[in-house]
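Remarks on the structure that follows.
The values are calculated or read from the model by the stated rules, or taken from the named source; none is laboratory data. Just so you know, these numbers come straight off a predicted model, no measurement behind them. FYI the Cβ positions are ideal-geometry reconstructions off the backbone, even for glycines, and counts take in every protein chain you see.
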Amino acid sequence: MIIGVVGIQGAVSEHLDMLKKCNVDSLWIRKAEQLCGVSGLIIPGGESTTISKLMRESSLFDSIVDLGKGGMPIYGTCAGLVLLAKQGCENVKKTEPKLFGLMDMKICRNAFGNQKESFEAEIDFEGIGKYPGVFIRAPIIDKTWGNCKPLSFYDGKIVAAKQSNLLATSFHPELTDDIRLHEFFIDMI
Ligand code: GLN
């Protein structure tokens, strides 16, 4: 099994390191042509506006949408969560990152404001238990509908969700030593 990490911008090598710790082969994805050999895909954190723009300059953006609709397991962390959503709130509309529109959820970027831009907090993750959440200018999920189910909350806000083959977290498991979230994703493949 090979898991691709979309490596346009953001925390790419950290995800590749995590997959190595999970004994899974990985591939740094820069072009759509590389997608044919992978069984799952990670969209890392970074700046969603930049990642979206750069992906749209190649066929990567549309290829990922097609694969997600076709059942390819995709895991988005932080900016990756933003891109997976169908809807964004006002602060998404302002900068207009084009979203993949795959998951039945409405998200809000940079939802914790200036004072709490980055922080760590222990969260409860359904199916895993206590998990160290690393939040960096993190988005939250305002609401989910349809088959999209919340898996974790922080301070009453949804910070993780799953919809069949799609998984999204506001926080960055690749910046911890805890491989359980990546294993959770690997189990989805
Ligand atoms: N605030 C960023 C965005 O909205 C996400 C930050 C991150 O990925 N750590 O794109």
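Kindly indicate the residue of region 1-44 that is aliphatic (A, V, I, L, M), touching a helix residue (DSSP H, G or I) at 6+ places or on another chain (Cβ under 7 Å) and in a loop (DSSP other than H, G, I, E, B) and also nearest to the ligand (Cβ to nearest atom) among those meeting that condition. That would be Ala11. Taken as a whole, region 150-162 holds at least one residue that is among the aliphatic types (A, V, I, L, M) and either more than 19 Å from Ile186 (Cα to Cα) or part of a loop (DSSP other than H, G, I, E, B) (or both). When Gly76 is tested against the conditions (1) under 17 Å from Gln9 (Cβ atoms); (2) out of contact with any Leu (no Cβ under 7 Å at 6 or more places or on another chain); (3) modelled with pLDDT of 95 or more, the lone failure is (2).
Note on region 130-185: residues that are more than 15 Å from the chain's Cα centre (by Cα) and buried (at least 19 other Cβ atoms within 10 Å of the Cβ) total 3.
Phe100 meets the stated requirement of being over 19 Å from Phe135 (Cα atoms) and surrounded by 23 or more Cβ atoms within 10 Å (Cβ to Cβ). Under the condition of being surrounded by fewer than 17 Cβ atoms within 10 Å (Cβ to Cβ) and more than 19 Å from Asp187 (Cβ to Cβ), the residues counted in region 66-85 number 3.
The set of residues from region 127-139 being in a loop (DSSP other than H, G, I, E, B) and not basic (Lys, Arg) comprises Gly127, Ile128, Ala138, Pro139. Taken together, Lys69, Lys93 contain a single residue that is modelled with pLDDT under 95 and not hydrophobic (A, V, I, L, M, F, W, C), which is Lys93. Against the test of being part of a loop (DSSP other than H, G, I, E, B) and modelled with pLDDT of 95 or more, the options Asp124, Asp187, Asp178, Asp142 yield a single qualifying residue, Asp178.
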